[in-house]
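First the structure, in the form of C-alpha cells, and then the observations on it.
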Amino acid sequence: MSLPSRYNPNEVEPRILSRWEETGWVCNPKSGKKPFSIVIPPPNVTGSLHMGHALNNTLQDIVIRYKRMDGYEACWFPGTDHAGIATQVLVEMELAKEGKTRKDLGRDAFLARVWQWKEKYGNTIVEQLKALGCSCDWSRLRFTLDPGLSRAVRTAFVQLYREGLIYRDEYLINWCPRCETALSDLEVEHEEVSGHLYFVRYPLEDGGYVTVATTRPETMLGDTALAVNPHDGRHKHLIGRRAILPVLGRKLPIVAAEEVDPEFGTGVLKITPAHDPVDFQIAQRLGLPAVNVLNEDGTINTNGGPFAGLERFQAREALVEGLRAEGLLEKITPYKHAVGHCERCHTMVEPRLSLQWFVRMKPLAEPAIRVVQEGKIRFIPERWTKVYLEWLENIRDWCISRQLWWGHRIPAWYGPDGKIFVAMDEEEARKLAHAHYGEEVVLCQDEDVLDTWFSSALWPFSVMGWPEETEELRTFYPTDLLVTGFDILFFWVARMVMMGLHFLNEVPFREVFIHPVIVDERGQKMSKSRGNVVDPLELIATYGADALRLAMAHVSGKGRAARYSPVLLDEMRDFLNKVWNMARFILTNTADLPPGLNWRGRSLAWEDRWILSRLQAVIASVRNYLERYAFHLAAETLYHFVWDEVCDWYLEMAKVRLYGEDAEARRTAQLVLRTALTHVVHLLHPFTPFLTEEIGEHLDLRVSRGSYPKPEEYLRDPEAERVLGVFQELVREVRAMRAELGLDPAEELELVVTSGSQASLLLGDLRGALARLARVQPCWAPGRENMENAARGLAGDVTFFLRLPGEMDWSAIRSRIQRNLNKVEGELAGLEARLANPGFREKAPEEVVKQTEAQARELRARRTRLLRFLAG
RNA sequence: GGGCGAGUAGCUCAGGGGCAGAGCAUCCGGCUUACAUCCGGAAGGCCAGAGGUUCGAAUCCUCUCUCGCCCA
C-alpha cells in the first residue's frame, strides 16, 4: 500500500463526497431508533456560502453526525429561504443594470424573472453545504415557496386571522423609500449620524412665536399640533393656545403631553402623527388628525403644498431656505442622533402612516415566555435566556405585510366595498363573499406579500409537512436542537417558539445553541463594503473542508464575536496532515495483520495499558464536551490526544516492538495501534468527516456509519499512567540535559540509574522504549553515589547519571540543577505556607489537604536530592 | 438611557475556587526508515486596575478603566 506522505484534501474530498452522494443520509421516521432532529436555519436561496454559514452548519453537522453514530435516527432537515426583500433587491439591482425597474416589467414578468434567478442560483448554496460536508437528509430539501410550505403559510395566516390574532390597520410603520415597502421594527438598523437640529419659529395666533427644535424640518408639513410637557413651568402658558404652521398656515393647537422631554430642544415638540412614533402615540390619545406628507418613493405628496414632488432631502433644504428668508429659522446646531436605516439597502427609513397587516403578539408571546421560564427550552449559553425574555416581555405587534412581489401573497380578498375575506384560496374567498353579499361579486386579492420571517417562523413544522399530520411530525417534532447566531434570536428563534406553541401546542426545539458571529482579524464585522469578507469556499480550496470545520469548532465557544485567523487554518491543516501520517504509519505497519485478531487476552505492554487507559478518558471527556456543545474543548482534547499522546509517545514506543524480533509482542503492538487508530477516526469523524472516512476506507470501515466510541471503565489504568508518567519525565530529563549540554542528539549515551521505585520497570519492561526515546543505553547501578564524567539527573524519584562523552561544561549542569532547585523551593514554600495556615487544615476538604501534604513531601524529597547533587 | 460580551505570554486565544496552559512567533539543536505541514529543547505572564468574600481568587462579588456589541 502506498499512501502519499501529505494529506491532500482536494483529491480526497470530492471522492468521499460522491460516495456520500450515492447513499445519502435519508432518515426513516419509522426505524424505531430514538429520534434526534435539527432543522437548518434556511440560507437565502440565492445566497452563497459565507463564514457565518460555515460556522453554523459545521456545528450542526458535528452534532448530527455524533448523534447518528451514537445510535439515534438523526435527521437534519435542510432547506432554503426565499428571503423576500433580500432576493427582490438583488434582482432589482440586476434589472437596474438594464435600465429597468420592476414596475417596467409588471408583477408577473418580474416574478418570472426572480424564479429564473432562483433556478439559476438556487442550487449553489446546497452544493456548497455539501462541499462543507453537511450530512443533511437532502431528500427532504425544502424551499419556503414550495407549494406545501406555501400552504402552511396560508393555513397559519387564515387561522391567526380567524382567531383575531392577525388584523389590518392604519398604523405608523417603518418605510423604506427605496424598497417602497413597510419594514418591521427588527428590519431597521439604528445608526448614529451627525445631523442638525433646526430651531424653527412657529408664530402664535395671538401674537409672538414659539421656537421648536426638529431634526427633520420637512416633516413639519405634516404637523397637526405642538406639545409641551405639562410639568414644564416655562411653557405652561402655551397650553390651549394655537400656533400657525409656517408655509402652510395650518392652525396648530398646543397640547400637553407627558411624552415631551423638556430637555430636548426648547421643550416644545411639534406633533407630526403620520411621521413620528411618539407623535403618533400622542395624537392617537388626544384624537389629533394625522397628515401624511410622503409618497411611497419618499417624495413629498400633495399635502406638502408648494413642496409637493420634491425628494425628501431636497424638500428639507428648500423648506429651510424658505424659513430663513421669512426670519423663522432661529438657528441650526450640529446634532448627533440615531437614525433608522433599511437593513437590506441601507436607505434611511421614514416612519410613515399606512395601512398594513399586523400580528397581535402579546397573546403569542406569553406562552413563549412561559416555556422558557419552565425550562422546556434551554439556551446555551444560558445568558441568552434573559435577552430572549426581555424582548418578548416588551414585544410590539408585528407588521407582516410587505409592498413587495417576491413572497407569499397575503391570502386576503376584498369585496367591492372593501370588506375583507381571508381564505386559503380564491375559491374559498369567493364562497365567503357569496355568503356575505348573497351574490357573485368581483374580488381582488391583496397586493402585498408576507414578511419572509412569517414563513420562517413556521419552518420547524412546515418542513415536516404541516398542516398534514405526517409521520415526520410525529417522530421528529419537536426537534431537539436549534443552532443559530444571536443576530436572528428575535427575527427567527422567538417567532418559531411562538408559532410552534400556537399551532402544535409544543415547543419547536428543546435546546438552542447560540454561536458567535465571525469577524475579521481586527475584530471588524465582515461586509462587502468593508472588503474584508473571507470566502469559506476559498478556504476549502486551500485547506480543505475538514480544516475549515475544525477551525469553526475551535471558535464556536467565543462570546459574541469569533475572530477569523488564517493561522488557525494553518494549524488545523497541519493537524490533519498529522492524523493522516499517523494513519499512514499504522496502516503500513499493520498491513500484515491477519483479520479477526484482537488484543484482548494478550499480554499488554505498559504503554499499551497506558494508551488504552488514556483513550477511555478522552472518549469520556469528548462525549461530555459534545453533550455540552463545547465543540472547541472536544476538538482541543482530540488534538492533543492524537498529537501529544498517540503520536509523540505511543507510536514511538510501539516502534520498539514493531521493528523488534518478538513476533507476539509485535502483534500486540499492531493490534493496539489499530484499536487506537479506529477509535481516533471515529472520535474525530464529526469534526473531520472527509479525512476520517478516507482513513476508514483503508481499514475497511465506513466510519460515517460507525458507532461513536463509548468509554470502557475497566480499561482505566492508574498504575500504567503512573509508570508512564515517570518514564516520560525521565526521557524528557535526559533530552533536556542533552540539549543544554549541547550534545549530539543522535549520539547514544550510557544512562546509569542508581535508585527509584520504578527503576526495575524502566530497566526491564520499558528498557527498549527508554533506549529508543532517550537515545541511551540504560544500566542499573543501585546506590551508586558518584561517577566520573557524568551528569547527575533526577526524574520523579529516579536518580541517574548520564555518562558524558568527554570534558563537559559542568557549570551548565550545575545551573540546571540550581534552576530546578529554585523552582522546587518556590513551589514548596507556597505549599508549606498553605499547610501552616490553620484555617486551611480546618476548612479545606480533606482530600485537598492530603493531596497538598503529599505534594509537599514529594517536593521535600526532591529538594534533598537536588541539594545532595549540588554538593556532590 | 438600559443590558451584554471581551481584556490571561510578542500575537491569536483555551481555562474559570486548590502548582498559570496551547498554537503561532522567538531562541538553540536535529532531514532519527509516518509526517520538515516534522522532531527535541528553551525562553517568555502582578491573568486590565482597585476593593471585597474565602483557609485559598486568574476564576466568585462590587466598583473603575479600555474595546466591541445589542436594545431603546
So the carbon and sulfur contribution to the accessible area of the stretch A:175-352, 1.4 Å probe, in percent, is 51
Can you give the angle from 0 to 90° between the axis of helix A:51-69 and the longest principal axis of chain A, with both taken from C-alpha atoms, to the nearest 10? 60
Leaving ligands, DNA and RNA out of it, report the carbon-plus-sulfur percent of the accessible area of the stretch A:717-808 at a 1.4 Å probe. 44
For the stretch A:591-660 and the stretch A:202-224, what is the separation of their C-alpha centers, rounded to whole Å? 79
Cut-off under 12 Å on the C-alpha distance; same-chain residues fewer than 8 positions from A:LYS386 excluded. Which aspartates and glutamates are left, in chain and number order? none
Among A:738-747, A:352-361, A:490-499, A:584-593, the order from most to least packed when residues are scored by Cβ within 10 Å on average: A:490-499, A:352-361, A:584-593, A:738-747
What accessible area per residue, rounded to a whole number of Å², is obtained for chain A using a probe radius of 1.4 Å? 43
Ordering of A:536-546, A:119-129 by packing [mean C-beta count within 10 Å, highest first]: A:536-546, A:119-129
Cα centroid separation - the stretch A:679-714 against the stretch A:8-39, whole Å: 14
Order these peptides, A:680-689, A:853-862, by their mean beta-carbon neighbour count within 10 angstrom, highest first. A:680-689, A:853-862
Ranked from the most accessible area to the least, with a 1.4 Å probe and all protein chains present, what is the order of A:ASP520, A:ASP700, A:ASP146? A:ASP700, A:ASP146, A:ASP520
Prolate/oblate/rounded call for the stretch A:223-268, Cα gyration tensor, a/c under 1.5 rounded: prolate
Taking the alpha-carbon distance from A:LYS419 and a cut-off under 24 Å, which lysines remain once sequence neighbours fewer than 8 residues away in the same chain are dropped? A:LYS431
Name the residues whose placed amide hydrogens come within less than 5 Å of the amide hydrogen of A:ALA562, ignoring near sequence neighbours (fewer than 5 apart) on the same chain. A:VAL517, A:ILE518, A:VAL519
Using DSSP, restrict attention to beta bridges with both residues in the stretch A:691-829 and report what percent are antiparallel, rounded to the nearest 5. 65
Determine the order of A:TRP453, A:TRP780, A:TRP580 by accessible area, beginning with the largest, at a probe radius of 1.4 Å. A:TRP780, A:TRP453, A:TRP580
Over all viewing directions the Cα convex hull of the stretch A:257-339 casts an average projected area in nm² of 6.6
Once you order the gyration tensor axes a ≥ b ≥ c over the Cα atoms, which shape class does the stretch A:559-701 get: rounded for a/c under 1.5, otherwise prolate or oblate by comparing a/b with b/c? prolate
Using each residue's phi in the stretch A:155-165, evaluate 6.51 cos²θ - 1.76 cosθ + 1.60 at θ = phi - 60° and report the 3J(HN,Hα) Karplus result to the nearest Hz, with x for Gly and Pro. 4, 5, 4, 4, 5, 4, 5, 5, 7, x, 9
Rounded accessible area of A:HIS434 (nearest 10 Å², 1.4 Å probe): 80
For the stretch A:743-814, what does the alpha-carbon gyration tensor say about shape, rounded, prolate or oblate, given a ≥ b ≥ c as the root eigenvalues, a/c under 1.5 as rounded, and a/b over b/c as prolate? oblate
R0 = 30 Å: FRET efficiency of A:LEU867 with A:LEU763, Cβ-based, nearest 0.05? 0.70
Residue-wise HN-Hα coupling along the stretch A:722-738, computed from phi with Karplus coefficients 6.51, -1.76, 1.60 (Hz; x: Gly, Pro): 5, 4, 5, x, 5, 4, 5, 5, 5, 4, 4, 5, 5, 4, 5, 4, 4
Taking the Cα atoms of the stretch A:180-333, report the difference between the largest and smallest coordinate on each principal axis, in whole Å and largest first. 42, 37, 30
First obtain the Kirkwood hydrodynamic radius of chain A from its Cα pairs, then insert it into the Stokes-Einstein equation at 10 °C and 1.306 mPa s, and state the resulting D in µm² per second as a whole number. 48
When the helices in chain A are scored as -39500 (n - 2.57) per DSSP H run of 4 or longer and the sum is shared across all residues, what 222 nm value do you end up with, to the nearest 500 deg cm²/dmol? -14000 deg cm²/dmol
Could you list which residues have their amide H under 5 Å from that of A:ILE271, counting only those 5 or more apart in sequence or on another chain, with H placed in the peptide plane? A:THR224, A:ALA225, A:LEU226, A:ALA227
Please compute one quarter of the surface area of the Cα convex hull for the stretch A:813-867 and express it in square nanometres. 3.5
Cross-link partners of A:LYS710 among lysines (Cα-Cα below 22 Å; sequence separation of 8 or more within a chain): A:LYS33, A:LYS34, A:LYS67
Taking alpha-carbon centroids only, the stretch A:358-421 lies from the stretch A:78-92 a number of Å equal to 21
Rounded to whole Hz, the Karplus (6.51, -1.76, 1.60) HN-Hα couplings of the stretch A:286-291, x for glycine and proline: 8, x, 7, x, 10, 10
Return a whole-number percent for the relative contact order of the stretch A:810-872, with Cα pairs under 8 Å and 6 or more residues apart as the contact set. 50
Once amide H atoms are built 1.01 Å from N in the peptide plane, which residues 5 or more positions from A:CYS779, or in another chain, come under 5 Å H to H? A:LEU751, A:VAL752, A:VAL753
How many percent of the accessible area of the stretch A:433-475 is carbon or sulfur, using a 1.4 Å probe? 48
Pairing the Cα long axis of helix A:566-589 with the longest principal axis of chain A, what angle in degrees results, from 0 to 90 and rounded to the nearest 10? 40
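The values are calculated or read from the model by the stated rules, or taken from the named source; none is laboratory data. In this text, all values refer to a predicted model and were calculated from it rather than measured experimentally. When we count neighbours, we look across all protein chains shown, and the Cβ atoms used for this are built from the backbone with ideal geometry, even at glycine. Each accessible area value is taken on the protein alone, full model and side chains, heavy atoms only, with ligands, DNA and RNA left out. Shrake-Rupley method; radii C 1.70, N 1.55, O 1.52, S 1.80 Å.
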